[in-house]
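Presented below is the structure to which this report refers.
Here, each number is a calculation from the coordinates, and none is a lab measurement. This one's a predicted model, so the numbers in the text were calculated from it and none came from an experiment. So basically every Cβ, Gly included, is an ideal-geometry build from the backbone, and we count neighbours across all protein chains shown.
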Amino acid sequence: MPRNKKRLWSALPRLQKTWLSETLRNETVGGTLLLISALAALIIANSPLQDWFFELRDSKFGPEALHLNLSLGTWAADALLAIFFFAAGIELKHELVHGSLKYRAQAMVPVAAALGGMVLPAAIFFAINMGKDSVVGWGIPMATDIAFALAILAVVGRQLPIELRAFLLTLAVVDDLGAIIVIAIFYSSEFALVPLIISGTLLVVFAALQRKNVTGWYYYLPLAILIWYFVHESGVHATVAGVAMGLFMNMQKASGEKYSAGDKTLHLVHPYSAGIAVPIFAFFASGVSLQSFEIGSLTSSPLALGIIVGLVAGKPIGVFLGGYLMARFTKAELSKGISWWDIAAIGSLAGVGFTVSLLISELAFKNSEEQIELSVISVLIASLISAVFATILLTIRRRSYASKNV
C-alpha cells in the first residue's frame, strides 16, 4: 500500500470520540420517540378518533396579515423541522471544523458515499416514474433519517468500531445538507427577492455576532425568528433557515473551554429537536388512513415502487458504490479496523428515510392528498424493510468482530 494514502478515521481524537458517543446516545432516545409518534399517528388515524386527528392536523392558527395562518401540520413541517435542521447544521459544522470533514482525504469517502446514496435512488425513482405526474417526487428516496439510523446503530452495533459510527454520522449530515439543498431549489415556491435579501442580511448579522463571540439568547432568539420568517416569506422552504444558522455557528473553542459555543448550543437544542420537534412532525406526517389502501397498489403504482426500490435497493447500492469508487480511484481508503462489508451494512441502514422523506412527500404532492398518503405508506414500508435488513447485516458484522476478539 502506498505510504501517502490517508486512512479513514484510523485514530479519532479522544474528544471527537466522546462527542460521537454522546450524539449516538441522544439519537437512540430520539429515534425511539420518533417511532412511537409515527405508530401512534397510524393507530389514531385508523381508529374512531380519526376525525379528531385530521381536524387537529388541519386546524389553523397564526396571524393572517403575516401570511402565517397555517395548519398545525404545516407549522410542524415549516417551524419545528427548522429546529431539526438547525441541529443538523451544527453537526455538519462540527464535522467540518473538528471532525471527519476537516481533512479532505478523510472526507472524500463518506461524502462520495452520501452523494451516491442520493443520486442513485433519485435516478431509480425518476426512471420508474418517467412521463407520469408522480415524477416530481424524485427527491423522496434521497434522504436518510439521521435519528433512526443512529438509533439503530447505537442499539445493534455497540461492539462495532467507533470509526464505522463516525462514517454513518458523516454520511447522514452530508445527506441532510444535500436534502436541504434539493428542498431549497426544487421544492420551494416562487421566490420573492426582497424577503430573500432581508433574510440574507440578517444571516450576516447572525454570523457576525457568532464571530465576535457574542452570547445571550435574547440576541439570537429574536434574530432566529426573523430569519425564519423572511426565509418563509421568500418562497424558500423555511427549514433552510435552520441549517443556514447552524452552519454559521462558532465552533472554535475559547481559551480554557472544553467545548465550543456551537457544541454547547447543540447540547441545549438537541433535546428539543429529538424530543419535541421531530416526534410532533412525525405524528402529523405519518397519520394516514389505511381503510382504502390495498397492498396491490404498492406493486402497481410507479410512485410506490420508485420510493420502495429507491430506498431499499438504491440507497445501499449507491452508498457502497459511491464510497468504493472514491477509495478505488483516490488516495483515501478505509481504516484497517473496518471493511467494505461494514459499509454495505451502513448503506442498508441509510435506506431508512422517514423524516425528510415525509417532508419532501408533502412538498412534492401538496395538491394531492391521495399521492401524499401513498408516499407516506411507501416511505414507512421501505424504511421498515431497510431497518430489518440493516439490523441483520449489522448483527452479522457484530458477531464477526466479537469472534475476532475471543
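Here the scattering of region 283-351 is modelled by Debye summation over its C-alpha atoms, one equal scatterer each and no solvent; at q = 0.15, 0.17 Å⁻¹ the log10 of I(q)/I(0) is -0.66, -0.74.
Placing +1 on each Lys and Arg Cβ and -1 on each Asp and Glu Cβ, with no other charges, gives the chain a dipole about its Cα centre of roughly 2520 debye.
Helix screen, the chain: DSSP H segments with Cα axial length of 30 Å or more and mean Kyte-Doolittle hydropathy at least -0.5 are 14-45, 104-129, 162-186, 369-404. Figure legend: label point modelled 7 angstrom from the Cα of Trp341 along Cα→Cβ; no residues of region 154-176 have amide N under 13 Å from it. Of all aspartates and glutamates in the structure, those lying under 16 Å Cα to Cα from Lys315, and not within fewer than 8 positions of it along the same chain, are Asp145, Asp175, Asp176, Asp342. For region 63-71, the Karplus equation 6.51 cos²θ - 1.76 cosθ + 1.60, evaluated at θ = phi - 60°, returns couplings of x, 5, 4, 9, 6, 10, 7, 10, 6 Hz by residue, with Gly and Pro reported as x. Projected onto its three principal axes, the C-alpha set of region 97-198 covers 47, 39, 26 Å, listed from the longest axis down. Between Ala87, Ala261, Ala192, the GNM of the chain built on Cα springs shorter than 10 angstrom shows Ala192 fluctuating the most. When the Debye formula is applied to the Cα atoms of the chain, each taken as the same point scatterer, what base-10 log of I(q)/I(0) results at q = 0.07, 0.09 Å⁻¹? Taken in order of the listed q values, log10 I(q)/I(0) reads -0.31, -0.53. Computed extension gain for Leu226 through Glu370, at 0.36 nm per residue and net of the alpha carbon distance, reaches 48.4 nm.
At q = 0.21, 0.22 Å⁻¹, what is the base-10 log of I(q)/I(0) for region 175-314 according to the Debye formula with one equal point scatterer per Cα and no solvent? Please give it to two decimals. These q points yield log10 I(q)/I(0) values of -1.35, -1.41. The ranking of Val231, Val174 by Cβ neighbour count inside 10 Å, starting from the fewest, reads Val174, Val231.
Proximity of backbone amide H atoms, modeled 1.01 Å from N, is registered between Glu333 and Lys6, Leu8 at under 5 Å, excluding neighbours fewer than 5 places apart on the same chain. Taking 23 Å as the limit for the C-alpha separation, the pairs Lys102/Lys331; Lys93/Lys212; Lys102/Lys404 exceed it in the case of Lys102/Lys404. Across the chain, the mean sequence separation of Cα contacts (distance under 8 Å, 6 or more residues apart), normalised by length, yields a relative contact order of 31 percent.
Helical runs (DSSP H, four residues minimum) scored at -39500 (n - 2.57) apiece and divided by the length of the chain put the mean residue ellipticity at 222 nm at -22500 deg cm²/dmol. Distance between the 7 Å Cα→Cβ label points at Leu56 and Arg399: 4.3 nm. Where a ≥ b ≥ c are the square roots of the eigenvalues of the C-alpha gyration tensor, would you call region 48-90 rounded, which needs a/c under 1.5, or, failing that, prolate if a/b is larger than b/c, or oblate? It comes out oblate by the Cα gyration axes.
Please state the shape class of region 252-406: rounded when a/c is under 1.5, otherwise prolate if a/b exceeds b/c and oblate if not, all from the C-alpha gyration tensor.
It comes out oblate by the Cα gyration axes.
Among residues other than Leu359 with Cβ under 14 Å from its Cβ, the summed charge is -4 (Lys and Arg +1, Asp and Glu -1). For the pair Asp133 and Ser189, label points projected 7 Å from Cα toward Cβ lie 2.1 nm apart.
On the beta carbon distance between Asn213 and Ser297, with R0 = 56 Å, the FRET formula returns roughly 0.50.
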